[in-house]
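The structure under discussion appears below in the form of C-alpha cells.
The values are calculated or read from the model by the stated rules, or taken from the named source; none is laboratory data. All of these numbers come straight from a predicted model, not from anything done at the bench. We place every Cβ from the backbone using ideal geometry, glycine too, and count neighbours over all the protein chains shown.
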Amino acid sequence: MSQPVLASYVHVNTFVNEHNHSLLPATEIFSTEFQALIEKMKNDIEYIVSCGASDLQTIRSLVRPKYDLQYIHSQDMLNFIQKVKWQFVDTSNDSAKLLENLLVKQRDDSLFIIILKN
C-alpha cells in the first residue's frame, strides 16, 4: 500500500487473499456482535431481580441452564442487572431512612425528641 504525499487516498499495490493465521471456530465468544443478551434472557433477568436476587452469581446460575447454548458474557449480564436493579431494588440511603423514621416517631410521640446538629 502507498499514499501519495498530497493525496487523500491510499493506493493498494498488492493484495494477497490468504490468512496468515488459523481462523477461530468460536467467533461468537470473541466477537462483540454476538455478546448482547437476547430479549428472552433479559426478561428472565428482570423477573429474577424483581423477586429480590440481584447478584451476578445467583442470576447466572438460574439463567445458565435455560440458555446453555448461548454464550453469556459476565460484564454484559452485570451491566444489565445494574440497569434493572434501579427499578426493583430499594437503593435509598439507610441513614436517610433512619432520619425519616425518627422524624415520624417524633411527630407521633410528643415525648420523643430529636435534636439535629450541623
Any idea which of A53, A36 is of a type outside the set (F, W, Y), part of a loop (DSSP other than H, G, I, E, B), surrounded by 11 or more Cβ atoms within 10 Å (Cβ to Cβ) and free of Cβ contacts under 8 Å to residues at least 12 places away in the same chain?
-> A53
Output yes when any residue across region 80-103 is touching a Phe, Trp or Tyr at 6+ places or on another chain (Cβ under 8 Å), within 25 Å of I45 (Cα to Cα) and touching a residue at least 12 places away in the same chain (Cβ under 8 Å), and no when none is.
-> no
Members of region 57-77 found to be modelled with pLDDT of 90 or more, exposed (fewer than 15 other Cβ atoms within 10 Å of the Cβ) and not in a loop (DSSP other than H, G, I, E, B), listed by number | Q57, T58, S61
Given (1) of a type in the set (A, V, I, L, M); (2) surrounded by 10 or more Cβ atoms within 10 Å (Cβ to Cβ); (3) part of a loop (DSSP other than H, G, I, E, B), I113 misses just (2)
Can you tell me which of E28, E18 is surrounded by fewer than 11 Cβ atoms within 10 Å (Cβ to Cβ), among the acidic types (D, E) and at pLDDT below 85?
-> E18
Single unsatisfied condition, D90 versus (1) modelled with pLDDT under 80; (2) assigned to a helix (DSSP H, G or I); (3) among the charged types (D, E, K, R) = (2)
